[in-house]
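S.K.: To start, I am sharing the structure in question, which I have written as structure tokens.
Read-outs: derived from the displayed coordinates by stated rules, not from any lab. What you see is a predicted model, and the numbers here were worked out from it, not measured in a lab. For neighbour counting, all protein chains shown are included, and Cβ atoms are generated from backbone atoms with ideal geometry for every residue, glycine included.
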């Protein structure tokens, strides 16, 4: 922590200048942040400002729009980009109650979505921004290698299973790590010693107020660092009672350090992240804010955006309209200029309800339409829908990552360490995580099976989420968005219809109607 | 069902002949069955069809000449819709000790359930029936009528009296439709209730298995009782696990012509009929599979009856809810067999009629599917016409 602080104090956040940090790995401290809010975007109260550490750290007593206290945290990254350092704030939300029972075991950003933590999908997309390349679904396309012409480091491709070396195995399916590849990996940092405008790795600090850092530190590190984004993880947990509204002021100083705009992202969202395009769009129109919007079929369930077709200038917002006004809704991703910070009050407010409408009236808010799929994966039902859309997109962009073979139907993502038995029918729209064992004669459709789960023979699963280390018995039938928390045992020959099972439970009786099993 | 009755009768030494009396229209299947039974048990077996439904006793009186032909010492009267271990020899011994016109087989039931059956009040020393009420509305006795009787030829005299009385009463009535037709005798109400306490009717109590088979669901319970009995009387009929064969748990009957895949797991209390095909990885428990049915791979059939010639698709789940009597109470009997309660279908055994086709990967739960139906989706708690 001290090192991080020292590093941050030493260098300026803005300029992509030489990075010199004590410690084995080089990094330009570009980063931050904070644990705060559902602060900025859904208004919350920044109640603590940790001035003594001189670190851009804020913790929010976060009141979400519902007015309930939530231990929220958000994390920020700063990304060097050709036009200057851009920062990003990712709102990772509070306890993640909608995604229970999965979030009773793990913080929401670390829940695997298509075999990669939710958070990482966005972080990789952000990390790819500076290479200037188009970002594919699930992350980047190039390796972390040094671009000799431009002199900076470009990100590596996301790996399906951590041990594989990205430079040897660009598709990430090679299996156990080749020890000689350490050289390549270590080479990410090479060339950063000494002067020169090379290598700006990302430094990512995550501060979780909802979960003790000791619990998470190893986990987060294990999860994110193998992806070789050159991101260094630091953890902190604030135990002291939340204080006053300092952190908002903090964020204001922090983000207005430079005149560069910053991203604000909702971590629950999955799509084909167009961060590069968003940045360009924002600079192009030069106003204070840009919102990513997406077209949906039933806009009246959401808040609708009315905008001009050619320029994208937003005229107004309408919450849940009764008649058809527009079919574009707020996709939960914004690019804001630091000037926006002056509009934010130190009260629990919602940025969509109070700040944006004002900005729209003043003509300062522009909308960019998202191409491709979009889904808010905060609930199990939508989590599965989002998985289907994501896999479909993967089929078009990176079909080699999907599995094929006897018994595999449609879009199926299988971790290389998963085992599938004989006479199975897997798919369409299934993702099997690392260490999953599927015995003979199992039929799985439209499900997510998380790490180390074990599905015994002749079972039939449709539209389920099977949590980590679960054991599902033989001849079990599960359907209708049944969610099993961590380490659940389901006895043989049962029927689960829409059951939501809390972790470590043992189910001995059928559940014919949807309910929660505690 | 009646093969159990016939088999039990054939084991009584001195059994002369078996007569089946009913209103049922005989067909090819029945004729063949009777021929096969005759050859197996070496007894003449005949079916006598009533000209009209004559109630539980009318047929006895109507065919009295056939019954008494050959001067039998006594004749057993068995209701076809019961499941029992048929202690006929014990009844015969009791009858020979003291000859009375009527000997009933009785068993015990608990207080609330006895109201669904015929209740007998007996004299504990002499075993005479002092009082008899069929399906009372208040508690009379916890001894119930099993529907298995032993009559001596003198029993026909009271039957004649009842018959003649009914005829006279019938002529006094205007509309023939309302009164039970001429010739109808209800054994329980007309004969037993009337003669109780007059030294003519006696009861023999049994502790063995007994159940009434009124609904298809109770057939499963009866099947379990019979399979349990086979462990004692005919253990060779029960399937055993053999290498290369399906895994067997508990009491399972598999017809020799059935084809069962080795990876299937059967039991407890499963009965597989003639020519049935059971695919790989099938799980069968507490179920009856009738002739010619097919269960495809990975299906799970629990507490169900699969009708003749039906097909169940891959990964389908056919499940019912057992309504068995409380196993902890030895005197518990099947409850009254109503399908609905408060307008909702009570969860019960799932029944697939003949030639029903269930598609792959669906769930049929607590439902009744009428014959020849081809389903296209899952059903729960429904009667599918």
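S.K.: Any idea what angle helix B:156-172 forms with the longest principal axis of chain B, computed on alpha-carbon atoms, 0 to 90 degrees, nearest 10?
M.R.: 90
S.K.: Would you mind giving the mean number of other chain beta-carbons within 10 Å of the Cβ of each residue in B:300-313, as a whole number? Write down the numbers at each step before the final one.
M.R.: Details: counts 11, 1, 5, 0, 0, 0, 0, 0, 0, 0, 0, 0, 0, 0.
Mean partner shielding for this stretch: 1.
S.K.: Another question, if that's okay. Can you give me the angle between helix B:28-41 and the longest principal axis of chain B, using Cα atoms only, in degrees from 0 to 90, rounded to the nearest 10?
M.R.: With both axes taken from Cα atoms, the answer is about 80 degrees.
S.K.: A further question on this structure: Test of understanding: in a Gaussian network model of chain B with alpha carbons linked when under 10 Å, which of B:147, B:55, B:71 would top the mean-square fluctuation ranking?
M.R.: Highest fluctuation of the listed residues: B:71.
S.K.: Sticking with this structure for a sec: Label residue A:104 and residue B:99 with points 7 Å out from Cα along Cα→Cβ: what is the distance between them in nm?
M.R.: 7.6
S.K.: While we're on this one: Going by alpha carbons, how many degrees (0 to 90, nearest 10) lie between the helix axis of B:88-97 and the longest principal axis of chain B?
M.R.: 20
S.K.: Hey, got the average number of other protein chain Cβ atoms within 10 angstrom for residues in B:260-267? Let's see the in-between values first.
M.R.: On the way: counts 0, 0, 0, 5, 1, 5, 0, 0.
Whole-number average of other-chain Cβ neighbours for B:260-267 is 1.
S.K.: Out of B:119, B:300, B:83, any idea which swings most in a Gaussian network model of chain B, alpha carbons joined below 10 Å?
M.R.: Of B:119, B:300, B:83, the most mobile in the Gaussian network model is B:300.
S.K.: Right, something else. For the peptides A:279-292, A:401-414, B:41-54, what is the packing order when you average, over each peptide's residues, the other Cβ atoms within 10 Å and list the highest mean first? Walk me through the numbers before you get to the answer.
M.R.: Details: A:279-292: 19.6, A:401-414: 18.0, B:41-54: 14.4.
Output ranking for A:279-292, A:401-414, B:41-54: A:279-292, A:401-414, B:41-54.
S.K.: Mind checking A:493-500 for the average number of partner chain beta-carbons within 10 Å of each residue's beta-carbon?
M.R.: Working: counts 7, 3, 7, 0, 4, 0, 0, 0.
Mean partner-chain Cβ count within 10 Å for A:493-500: 3.
S.K.: Using the beta-carbon distance between residue B:372 and residue A:396 and R0 = 51 Å, what value does 1/(1 + (r/R0)^6) give for FRET efficiency, to the nearest 0.05? It would help to have the intermediate numbers written out before the result.
M.R.: On the way: r = 46 Å, r/R0 = 0.90.
The calculated FRET efficiency here is 0.65.
S.K.: Turning to a different aspect of this structure: Using Cα pairs closer than 8 Å and at least 6 residues apart in sequence, work out the relative contact order for chain B, in percent. Provide the component values of the computation, followed by the final result.
M.R.: Numbers: 844 pairs, mean separation 42.2, N = 385.
About 11 percent, as a whole number.
S.K.: Here's another thing I want to ask about it. Among B:229, B:333, B:165, which one moves the most in a GNM of chain B with springs linking Cα atoms closer than 10 Å?
M.R.: Its mean-square fluctuation being the largest, the pick is B:165.
S.K.: Okay, moving on. For residue A:381 paired with residue B:164, estimate the spin-label separation in nm (one decimal), with each label point 7 Å from Cα along the Cα-to-Cβ line.
M.R.: Taking the two extended label points, one gets 7.7 nm.
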